[in-house]
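Undergrad: Questions regarding the structure given below will be posed in turn.
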């Protein structure tokens, strides 16, 4: 696991959701557990895309519902 990527994602989820980082778990569902809407999820992805210069496909977007989902999708795109 790349800690820099993981921490970047978690920090941004916290900033957008208003939930402290230590309360965001790998399997926390954005909608059910963090009370985030789809626009907030897209904002997180946009920040990741901008920072890491990657493009997350729409198919991948549909499958991303947790911190772990985002991490796994981004790790593949960034590190292969």
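Undergrad: Could you say which residue among 33, 37 is surrounded by 14 or more Cβ atoms within 10 Å (Cβ to Cβ) and without any contact (Cβ under 8 Å) to a residue 24 or more places away in the chain?
TA: Of 33, 37, the one residue that is surrounded by 14 or more Cβ atoms within 10 Å (Cβ to Cβ) and without any contact (Cβ under 8 Å) to a residue 24 or more places away in the chain is 33.
Undergrad: Would you check if residue 54 is out of contact with any strand residue (DSSP E or B) (no Cβ under 7 Å at 6 or more places or on another chain), under 15 Å from residue 69 (Cα atoms) and either part of a helix (DSSP H, G or I) or at pLDDT below 95 (or both)?
TA: No: the conditions fail for residue 54.
Undergrad: Determine whether residue 78 is in contact (Cβ under 8 Å) with a residue 40 or more places away in the chain and crowded, with 17+ Cβ neighbours inside 10 Å.
TA: No.
Undergrad: Which of the following residues is in contact with a helix residue (DSSP H, G or I) (Cβ under 7 Å, 6 or more places away or on another chain) and closer than 16 Å to residue 4 by Cβ: 77, 67?
TA: 67
Undergrad: Looking at (1) within 19 Å of residue 7 (Cβ to Cβ); (2) under 11 Å from the mean Cα position of the chain (by Cα), find the lone condition where residue 50 falls short.
TA: Residue 50 satisfies every listed condition except (2).
Undergrad: Say we look at segment 13-42 and pick out the residues that are part of a helix (DSSP H, G or I) and within 16 Å of residue 73 (Cα to Cα); which of these is modelled with the highest pLDDT?
TA: Looking at residues that are part of a helix (DSSP H, G or I) and within 16 Å of residue 73 (Cα to Cα), I get 13.
The values are calculated or read from the model by the stated rules, or taken from the named source; none is laboratory data. Here the structure is a predicted model, which is why all the values come from computation and not from measurement. Note that we place each Cβ from the backbone using ideal geometry, even for glycine, and neighbour counts take in every protein chain shown.
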